[in-house]
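The structure appears right after this line, and notes come after that.
The values are calculated or read from the model by the stated rules, or taken from the named source; none is laboratory data. Bear in mind the structure is a predicted one, so any value in this text is a computation, not a measurement. Note that we place each Cβ from the backbone using ideal geometry, even for glycine, and neighbour counts take in every protein chain shown.
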Amino acid sequence: MRKTSYVIAFFAVLGTLLLNVASIRRPDWLIVKNPEIFHSKIPNPSGGRLAYTDYQCRPFPNRTVDGCEKENKTFCMTWSTASYLSELGAGFAIVACLALVFGVTTHSRRRRIWKSVSVLVALHVASQIAAFAVVTDLYRNSRFPTFERARPGLAYVLNAVSWVLGTLVTFGVITTGISASRGHRWAAGNRAYRPIEGPS
């Protein structure tokens with residue numbers, strides 16, 4: 001493959017990685033809107049007056065608060081698995097970016113490194129799809145109390161966009177690599193790979 005193809009692939013993989021990391025870091029995969037929360041009041045410790053509750057984000061699921069040791073044990077394990085899959089996908093994308101940098105800087109290995117890159121990007125995408133599928137299954141089947149009132153959030157959408165783009169990048173790298181191996185100038189550049197003709 002030509003160097004330009006590797007540079008384009010690098011930025012494409014980097015883009016999917018950034019979307020994946022953004023979805024991992026955000027707390028809004030699913031958003032539960034509960035009208036009762038906004039009307040809740042608690043006593044103010046200083047003067048005994050009532051004050052509106054200040055709700056803050058916390059790690060989810062929590063072993064004790066969310067019942068991960070008893071009634072919601074299966075849910076918590078499944079939700080944590082989705083988290084690990086997302087992080088694993090980010091790891092594959094990082095290694096794919098490093099392989100692309102290696103491919104750009106070493107001319108001798110540029111012809112065959114696209115295979116490793118395509119496998120790494122495919123593993124990145126597969127991990128994200130698996131995490132997306134797990135969260136979607138938990139959401140659709142209301143596997144946790146309040147999930148029947150939940151709606152997908154921005155992190156959920158970012159994850160979906162990331163694996164859709166990652167799938168396109170995977171096919172792009174494979175198509176370009178195969179075309180370069182067959183000697184197409186658009187993929188291989190000025191030094192197209194041509195098979196050595198045998199004696200006739």
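Condition (residue is without any contact (Cβ under 8 Å) to a residue 24 or more places away in the chain, among the aromatic types (Phe, Trp, Tyr) and out of contact with any Gly (no Cβ under 9 Å at 6 or more places or on another chain)) applied to the range 147-157: is it met by at least one residue?
Checked against the condition, which is being without any contact (Cβ under 8 Å) to a residue 24 or more places away in the chain, among the aromatic types (Phe, Trp, Tyr) and out of contact with any Gly (no Cβ under 9 Å at 6 or more places or on another chain), the range 147-157 yields no hits at all.
If His124 passes every condition in (1) over 28 Å from Pro27 (Cβ atoms); (2) in contact with a Gly (Cβ under 7 Å, 6 or more places away or on another chain); (3) not β-branched (Val, Ile, Thr) but one, which one does it miss?
(1) is the only condition that His124 fails.
Please determine, by comparing only the residues of the range 132-168 that are small (Gly, Ala, Ser) and at pLDDT below 90, which one is surrounded by the most Cβ atoms within 10 Å (Cβ to Cβ).
Checked the range 132-168; the qualifying residue surrounded by the most Cβ atoms within 10 Å (Cβ to Cβ) is Ala155.
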